[in-house]
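Novice: Structure incoming, see below.
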Amino acid sequence: MNAKPTFIIVGAGIGGLTVAIALRQAGFGVKAFERARELKEIGAGIGLSANAIRVLQRLGVMQQVIDRGTVIKELVSYSCKGEILGHVPTTRTEVPSVCLHRADLQEALFSASPLDRIHLAEEFVRFKAADGRVTAHFASGRWESAHALIGADGLQSRVRAQLIGDGEPTYRGYLCWRGVCDYPAAERLTESFGQGLRMGLVPIGRRGTAWWCTANQTLGADRDRAEIKSKLQGWFGKWHPPIPEVLSRTDPAAIIQTAICDRRPVTTWSKGTCTLLGDAAHPTTPNLGQGGCMAIEDAAMLARCASNDADLSIAFRSYERLRFARTARVTTLSRYYGVIGQWRNPALVWLRNTALRITPARAAAKSYDRFVSYDPWNVSLNEG
């Protein structure tokens, strides 16, 4: 009997580690390569809705994630003055929604991966496909050959640059700042709206509370973290509790600034036995909180398709076909949600807040439940 194909995974973030686990459990040989020298404690909070937790349950990682985070009961939208604009329960699915620190999620996934299959300090340079094999070359001079290669190397993917070559991602006109503090975690995920400003609070278990905020800014980076914190306190210091206290408790040295970018959806992100996953394939703005969830869904679907078809080039076409509509919808809706969320004109702000306020709670809950009910193992491989 012929041995199952082997995979090279470029990137050991959320998507890379999840697909490594899924492929290994399906019996494939896997090696993952990460440019970081160590898996440091980076990032802030992340929310995993039921659609992602369902995959992690199937892979045997759900409880480790729950133990490290907070099970949330609701999503709540506020005005900057604290008026409730909307409320959606998150407890109507058979698995929970969980928020935790990104580092804790990565740790849970890493602990479920064979340690000898994760190679750190290996910066991907290029790949070459020939004679039914793909060879990845790294800056260290190392090379590795396998039957297939998966680029899970994020927004600035080098694998994508070689596969698709579509240039830089598109900046969407606003910056995001993230941080973590010891303010006690609640059981709700919140977002508050102002004029060209937004702020969200993310409970992350024993660590306390993570937060993010956005503002319409020209592309650039402030270097002085103390000045960044002062600027944020100037914008959000008079918003509703506990926002001022959360900012006050945050160590300015730990504040992260990022530009909000995405790409227009493409229908093809594979060539031969090379493919992409997560933000490398379909980067989205973070407005719907689904970037990590889409990568986790991708991992499950890719492993299913690889198990279903011995010809990996055909399997990767199926994977693209089955994932395109859902990921393109998330990318597009997230982009428009961000546009509306960043409105500054007072009349438009009033219109947005009013629309949120008058949306029937039952309709909002039904829409949310339908979206998070997605299960990649229940999707027919003939769809699309």
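The values are calculated or read from the model by the stated rules, or taken from the named source; none is laboratory data. Bear in mind the structure is a predicted one, so any value in this text is a computation, not a measurement. When we count neighbours, we look across all protein chains shown, and the Cβ atoms used for this are built from the backbone with ideal geometry, even at glycine. Quick note on the areas: whole protein, heavy atoms, side chains included, nothing else; ligands and nucleic acids left out. Shrake-Rupley method; radii C 1.70, N 1.55, O 1.52, S 1.80 Å.
Novice: I'd like the GluC sites (Glu not before Pro) in region 1-54 restricted to DSSP loop residues with at most 11 other Cβ atoms within 10 Å, sorted by number.
Specialist: Those that pass, being in a loop and sparsely packed, are Glu38.
Novice: Order these peptides, 14-20, 117-123, by their mean beta-carbon neighbour count within 10 angstrom, highest first.
Specialist: Put in order of decreasing packing, that is 14-20, 117-123.
Novice: So how far, in whole Å, is the C-alpha centre of region 231-273 from the one of region 94-166?
Specialist: 24
Novice: What accessible area per residue comes out for the chain, rounded to a whole number of Å², with a 1.4 Å probe?
Specialist: Solvent-accessible surface per residue comes out at 45 Å².
Novice: May I ask you to derive the relative contact order of region 1-68, considering only C-alpha pairs under 8 Å and at least 6 residues apart, and to give it as an integer percent?
Specialist: 28
Novice: If you don't mind, another one. What is the calculated FRET efficiency for Gln162 to Glu383, with r their C-beta to C-beta distance and R₀ = 30 Å, to the nearest 0.05?
Specialist: E(calc), rounded to 0.05, equals 0.55.
Novice: Provide, as a two-decimal number, the C-alpha radius of gyration of region 215-350 over 2.2 N^0.38 Å, N being how many residues it has.
Specialist: My calculation over the Cα atoms of region 215-350 gives 1.39.
Novice: A further question follows. Report the convex hull volume per residue for region 178-290, counting only C-alpha atoms, in Å³.
Specialist: Each residue corresponds to 149 Å³ of Cα convex hull volume.
Novice: Wrap a convex hull around the Cα atoms of region 62-145, take a quarter of its surface area, and give that in square nanometres.
Specialist: 10.2
Novice: Computed on alpha carbon atoms, what radius of gyration and Dmax characterise region 226-291, expressed in Å?
Specialist: 18.2, 55
Novice: Let me ask another. I want to verify the translational diffusion coefficient of the chain in µm²/s; compute it with Stokes-Einstein, Rh as the Kirkwood radius over Cα pairs, at 10 °C and 1.306 mPa s.
Specialist: D = 74 µm²/s.
Novice: In a GNM of the chain with a 10 Å cut-off on Cα contacts, which of Phe110, Phe193, Phe138 has the highest mean-square fluctuation?
Specialist: Fluctuation is largest for Phe138.
Novice: Only Cα pairs within less than 10 Å get springs; with that Gaussian network setup on the chain, which residue of Ala12, Ala300, Ala186 has the largest fluctuation?
Specialist: Evaluated over the chain, the most mobile residue of the options is Ala186.
Novice: Mean separation of Cα pairs under 8 Å and 6+ residues apart, divided by the residue count of region 259-315: what relative contact order is that in percent?
Specialist: 33
Novice: Considering only protein heavy atoms and a 1.4 Å probe, what is the carbon-and-sulfur percentage of the accessible area of the chain?
Specialist: Taking all protein chains in place, the chain shows 52 percent carbon and sulfur surface.
Novice: Please list, short to long, the whole-number percent of alpha-carbon pairs of region 33-91 in consecutive 10 angstrom bins beginning at zero.
Specialist: 17, 33, 32, 14, 3
Novice: Viscosity 0.890 mPa s, temperature 25 °C: Stokes-Einstein D of region 1-60 from its Kirkwood Cα radius, in µm² per second?
Specialist: In µm²/s, the coefficient rounds to 185.
Novice: How much of the pair distance distribution for region 20-168 lies past 19 Å, counting alpha-carbon pairs only, in percent?
Specialist: Cα-Cα pairs in region 20-168 separated by more than 19 Å: 65 percent.
Novice: Which of Thr285, Thr327, Thr354 moves the most in a Gaussian network model of the chain with Cα springs under 10 Å?
Specialist: Highest fluctuation among the options: Thr354.
Novice: Still on this structure, I have one more. Provide the gained length on full extension for the span Lys4 to Arg35, in nm with one decimal, where the gain is 0.36 nm per separating residue minus the Cα-Cα distance.
Specialist: 8.5 nm
Novice: Then there is this: Could you give the angle, 0 to 90 degrees to the nearest 10, between helix 14-25's Cα long axis and the longest principal axis of the Cα atoms of the chain?
Specialist: Result, in degrees: 40.
Novice: Can you tell me how region 174-229 classifies by the Cα gyration tensor, rounded, prolate or oblate, using a/c under 1.5 as the rounded cut?
Specialist: oblate
Novice: What percentage of all Cα-Cα pairs in region 94-186 are separated by more than 24 Å?
Specialist: Here the tail beyond 24 Å accounts for 47 percent of pairs.
Novice: Assign one of three labels to region 256-310, namely rounded, prolate or oblate, based on the Cα gyration tensor with a ≥ b ≥ c the square roots of its eigenvalues; rounded applies when a/c is under 1.5, prolate when it is not and a/b is larger than b/c, and oblate otherwise.
Specialist: prolate
Novice: Now for a different question. Mind checking the dipole of region 191-346: about its Cα centre, +1 per Lys or Arg Cβ, -1 per Asp or Glu Cβ, Debye to the nearest 20?
Specialist: Here the size comes out at about 240 debye.
Novice: Is any residue of region 200-214 close enough, with backbone N under 16 Å, to a label point placed 7 angstrom from the Cα of His240 along the Cα-Cβ axis, and if so, which?
Specialist: Within reach of a label on His240: 200-202.
Novice: Same structure, new question: Give the share of C-alpha pairs in each 10 angstrom bin for region 322-384, from 0 to the last occupied bin, in whole percents, shortest bins first.
Specialist: Final binned percentages: 17, 36, 31, 13, 3.
Novice: When the helices in the chain are scored as -39500 (n - 2.57) per DSSP H run of 4 or longer and the sum is shared across all residues, what 222 nm value do you end up with, to the nearest 500 deg cm²/dmol?
Specialist: Value at 222 nm, helices only: -11000 deg cm²/dmol.
Novice: How high is the FRET efficiency between Ala361 and Thr218 when r is their beta carbon distance and R₀ equals 45 Å, given to the nearest 0.05?
Specialist: Step by step, r from the Cβ atoms, then E = 0.75.
Novice: Which loop trypsin sites (Lys or Arg not before Pro) in region 159-209, with loop taken from DSSP, have no more than 16 other Cβ atoms within 10 angstrom of their Cβ?
Specialist: Those that pass, being in a loop and sparsely packed, number zero.
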